[in-house]
Amino acid sequence: MRAPADVAKSLGLDRGEHAVQVRRLLLSGDTPVVLDDIWLPGGLFRGLTAEKLATYRGPMYGLFEAEFGVNMIRAEEKIRAVAATADEAALLGCAAGAPLLLVERLSCTYGDKPVEWRRGLYDTAHHHYRNDLS
């Protein structure tokens, strides 16, 4: 799809350039804990499909390296508290207005080229946010 203006700016794409959007819900057991919206440059990730994502076993970055030759070598994150919207609450199984952690991540490859913009909403009612970036 055409990248929205904020996504295009974050990824260094030209206006109207295509991007791939991945929306995923991460579970702990049967409990939803993270709602991720991930944006990738369309040119680098041509051929990435929901089926590929569903059948791949392993870390998503492993798929990006193996299938598309894209190495994520650095990431920058910003974290802040937000209130769950009605739509987000429905997906995460929490109340509208419940506190969530919003984690925005920009991942880069060699030459400090941005190749992923991610917006994750974390329900911390029974879990905490932990990250190990290397």
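The values are calculated or read from the model by the stated rules, or taken from the named source; none is laboratory data. What you see is a predicted model, and the numbers here were worked out from it, not measured in a lab. Neighbour counts run over all protein chains shown; Cβ positions are idealised from the backbone, glycine included. Ligands, DNA and RNA are excluded from the accessible area calculation, which covers all protein heavy atoms including side chains. Shrake-Rupley method; radii C 1.70, N 1.55, O 1.52, S 1.80 Å.
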- prompt: Of everything in segment 5-45 that's open to solvent by 40 Å² or more (accessible area, probe 1.4 Å), free of Cβ contacts under 8 Å to residues at least 12 places away in the same chain and over 13 Å from the mean Cα position of the chain (by Cα), which residue is nearest to Thr124 (Cα to Cα)?
  reply: Leu27
- request: Kindly list, by first and then second residue, each pair from a residue in segment 64-83 that is under 24 Å from Leu101 (Cα atoms) to a residue that is open to solvent by 80 Å² or more (accessible area, probe 1.4 Å) and not in a helix (DSSP H, G or I), limited to pairs with Cβ atoms under 6 Å and residues at least 6 apart or on different chains.
  value: Ala75/Leu133; Ala81/Pro99
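Is segment 73-96 home to any residue that is in a loop (DSSP other than H, G, I, E, B), in contact with a helix residue (DSSP H, G or I) (Cβ under 7 Å, 6 or more places away or on another chain) and more than 22 Å from Trp39 (Cβ to Cβ)?
Narrowing segment 73-96 to residues in a loop (DSSP other than H, G, I, E, B): 73, 84-85, 93-96.
Remaining after also requiring in contact with a helix residue (DSSP H, G or I) (Cβ under 7 Å, 6 or more places away or on another chain): 73, 84, 95-96.
Cutting the leftovers down to more than 22 Å from Trp39 (Cβ to Cβ) gives us 95-96.
There is at least one residue in segment 73-96 that is in a loop (DSSP other than H, G, I, E, B), in contact with a helix residue (DSSP H, G or I) (Cβ under 7 Å, 6 or more places away or on another chain) and more than 22 Å from Trp39 (Cβ to Cβ).
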query: Restricting attention to segment 99-134, and to residues there that are open to solvent by less than 20 Å² (accessible area, probe 1.4 Å) and farther than 22 Å from Arg74 by Cβ, which single residue is farthest from the chain's Cα centre (by Cα)?
result: Leu100
- request: Looking at (1) open to solvent by 20 Å² or more (accessible area, probe 1.4 Å); (2) in contact with a strand residue (DSSP E or B) (Cβ under 6 Å, 6 or more places away or on another chain), find the lone condition where Gly62 falls short.
  value: (2)
